[in-house]
Amino acid sequence: MTSATFRVTTRGVRPGYSAELAADQVAALFKCSKEQIAPLLGSKPVVVKRGLTQEAAGKYARALESCGCLCAIEAESAPAAGEAAPPQAAPLSHRQLSAVIPVLRRAAPRSPDADPVVVRPFVGDLEIVFRTEADGDFVRQAALGASMMSVDRLYELAIHNLYTLTHPRLTFKQFVLEDSEGGTAGSRFFSYVETGDGLEAPCLLLQPVWEAVAAEFKGALRIAVPTAGTCLFCSADDFIAVSMMCDIAGETWFEAGDGALSALTYSMDGAGRVAMVPDGQLLRKALPPPALAPTPDAQLLRPAEQAVATDAALLTLSDERLRKVQPQLLDTAHWTREDDRARWLSDIRHALARGDARAAVVVDAATAVVASYTDELDCVVLLKFDPALAQAHGWRDGTRLLSANSYFRRDGGIAPDLRPGPGDEGRWGNVWPLIADLLTDDDAVLAARKKAIAEPEWERVLQLSRRALADRVIPRDGRPVTSHHPAHPPAAPPAPAPASASGAPARTGAARRKSTRQAGTFSACVKHAGIGGLCAWAAWGAGRHVAEMPHDGLFYVACFGIAVFGAIGLSCLWSAANYLRGA
């Protein structure tokens, strides 16, 4: 007998809940715009998900209710004999999502499969599907829905993974056209990018490539993608280069046979907007009609500096709790630009909803120091909070907390306060930990996420925290705006500088307190004192002789020299005095 299935419907906003706040939280949960989720918060019932088990339906409903939605779980009629049951799928694992990449292919009509492959239209006759390098399978709709991810969010992750894989081995070369005498034809050349190894989407990385070579081109680019692994481009203003590129790309497309991709040409502007060129095709003969209506344009993504891990915490931000931890984020008077403040709030909500849920433990309740674990680097981050917060929440040594972690690429090295362990994945160089217990009211979800963490991870946190304390690692300021900034001794942990923050954690630096000691060393102090004394002696000795000289031109030159020596001496003595005053 086939098991019954259930569906989750929304019926507006929970009583007493702010509609605007609910819209923000649901948009952050599904990583989409407020306009896209507006029907979920309307008065009419909207089916969010069908074909779920009762347990999965309960999970969906709890996540939506924590965002302010009024939800209901309804039983669906069991399928009739011979009728296929709705597909059930497990959420995409951390291993799968960390290896998912985009694949370009020619657009084709959707198959009537019960569980179709996830497809994202691109531009022209191209579309994007997603393949997991871990097992070689394409991502399907049921698995994406079970992961509570949108296609746009999957696309962001896939672009980041593709860039990480291809960055060390991306082939970028130029074909320079020669004139009849064997010389180069000035600036008339076109370029190509190849990834190889079955990574069929190099043109999706044209945004970072463009930023590196923009100075060599004038105006927009003309692009050809004859095969999935090849992308050619040149300046759209150079007719000869465009013609030569199209001829070579057309030959490549024709010879590729079933592996051919697009016989159209495209343009791209400096903002990464790709558009189909009207009547632009690689072959001089007429092309067969496309299987689907062409998509006019698409926006390329720049690989994200900050990546959110995939074991989602599914928590919502409480403004009241945030006010107690970092009140500046809710006070517009502290910000010169409102969009900076709004961006920070959006980033924090997104990190709590989609951040990697990991163990965190209070290691010193008296000073409110917490150790947050990251399995990506197999290490802990020490975080320091206001002891009054620890007392208000009843923290004790060993109290178990939950950290929602986001990660930053390793291109800039590893943060100095991190000590990667043997389980380091080698991909990330820094972590942005948010202690969820201080930021959310979703007590039920919070408890469930802690319960899901295996006991060995809690033990690992304690082991690594003891080592970090023994190494005298200085804790970071644990507040959301600064918890991604390592502390730099001997200065105190950085305080937030909302007026200058840009809102994006990977690009924002907080103002640090100025040290009372002036720059320099004791040996430099002795050197400055010696130079000052020598200059003073020289000025005194020369002054005795100059006083007896006649007031002619030489007299004034000598006076000027004495003044210069005096100024140098005073400057050196002032530097030495400043050092001693700060000692």
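The values are calculated or read from the model by the stated rules, or taken from the named source; none is laboratory data. Remember, predicted model here, so these are calculated numbers, not experimental data. Every residue, glycine among them, receives a Cβ derived from its backbone with ideal geometry; neighbour counts consider all protein chains shown.
Quick look at the numbers
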quantity: Search result, residues across segment 318-357 that are over 29 Å from Glu65 (Cβ atoms) and in a helix (DSSP H, G or I); calculated: Gln328, Thr332, Ala333, His334, Glu338, Asp339, Asp340
quantity: Qualifying position, being more than 27 Å from Ala23 (Cα to Cα) and in the same structural domain as Ala452 (by TED's automatic domain parsing), among Leu377, Leu317, Leu345, Leu330; calculated: Leu377
quantity: Residues being at pLDDT 80 or above and either over 16 Å from Met268 (Cβ atoms) or among the hydroxyl-bearing types (Ser, Thr, Tyr) (or both) - total across segment 224-243; calculated: 6
quantity: Test for Glu74: is it at pLDDT 70 or above and either more than 30 Å from Gly280 (Cα to Cα) or surrounded by fewer than 15 Cβ atoms within 10 Å (Cβ to Cβ) (or both); calculated: yes
quantity: Sole exception among (1) among the β-branched types (Val, Ile, Thr); (2) in a strand (DSSP E or B); (3) surrounded by fewer than 24 Cβ atoms within 10 Å (Cβ to Cβ) for Val380, by number; calculated: (3)
quantity: Residues of segment 449-467 classified as in contact with a strand residue (DSSP E or B) (Cβ under 6 Å, 6 or more places away or on another chain), over 30 Å from Arg323 (Cα atoms) and either assigned by TED's automatic domain parsing to the domain that holds Gly68 or not acidic (Asp, Glu) (or both), total; calculated: 1
quantity: Out of Ser372, Ser406, sole residue that is modelled with pLDDT of 95 or more, under 20 Å from Leu446 (Cβ atoms) and either surrounded by 18 or more Cβ atoms within 10 Å (Cβ to Cβ) or not β-branched (Val, Ile, Thr) (or both); calculated: Ser372
quantity: Residue in segment 348-368 that is among the β-branched types (Val, Ile, Thr), in the same structural domain as Leu446 (by TED's automatic domain parsing), in contact (Cβ under 8 Å) with a residue 40 or more places away in the chain and within 18 Å of Ala447 (Cβ to Cβ) present; calculated: yes
quantity: Test set (1) touching a residue at least 60 places away in the same chain (Cβ under 8 Å); (2) closer than 19 Å to Asp477 by Cα; (3) of a type outside the set (D, E, K, R) - Ser403 fails condition number; calculated: (1)
quantity: Selection within segment 231-267 - part of a strand (DSSP E or B), within 17 Å of Ile128 (Cα to Cα) and touching a strand residue (DSSP E or B) at 6+ places or on another chain (Cβ under 6 Å); calculated: Cys231, Leu264, Tyr266
quantity: Residues satisfying the stated conditions in segment 321-336, i.e. touching a residue at least 60 places away in the same chain (Cβ under 8 Å) and not polar (S, T, N, Q); calculated: Arg321, Leu322, Lys324, Val325, Leu329, His334, Trp335
quantity: Every pair of residues 6+ apart whose Cβ atoms lie under 8 Å, when the first sits in segment 18-41 and is at positive phi while the second is not in a helix (DSSP H, G or I); calculated: Lys31/Met149; Lys31/Ser150
quantity: Test: residue in segment 388-395 that is at pLDDT below 95 and either assigned to a strand (DSSP E or B) or charged (D, E, K, R) (or both); calculated: no
quantity: Residues that are modelled with pLDDT of 50 or more and of a type in the set (A, V, I, L, M), drawn from segment 462-512; calculated: Leu462, Leu464, Ala468, Leu469, Ala470, Val473, Ile474, Val481, Ala487
quantity: In segment 268-283, residue modelled with the lowest pLDDT [restricted to those that are part of a loop (DSSP other than H, G, I, E, B) and under 15 Å from Pro226 (Cβ atoms)]; calculated: Leu283
quantity: Candidates Leu434, Leu446, filtered to the one that is in contact with an Asp or Glu (Cβ under 7 Å, 6 or more places away or on another chain), closer than 16 Å to Leu401 by Cβ and either among the aliphatic types (A, V, I, L, M) or not assigned by TED's automatic domain parsing to the domain that holds Arg396 (or both); calculated: Leu446
quantity: Unmet criterion (only one of (1) more than 30 Å from Asn578 (Cα to Cα); (2) modelled with pLDDT under 85) for Gln518; calculated: (1)
quantity: Gly219 vs. criteria within 31 Å of the chain's Cα centre (by Cα), closer than 23 Å to Val129 by Cβ and at pLDDT 65 or above; calculated: no
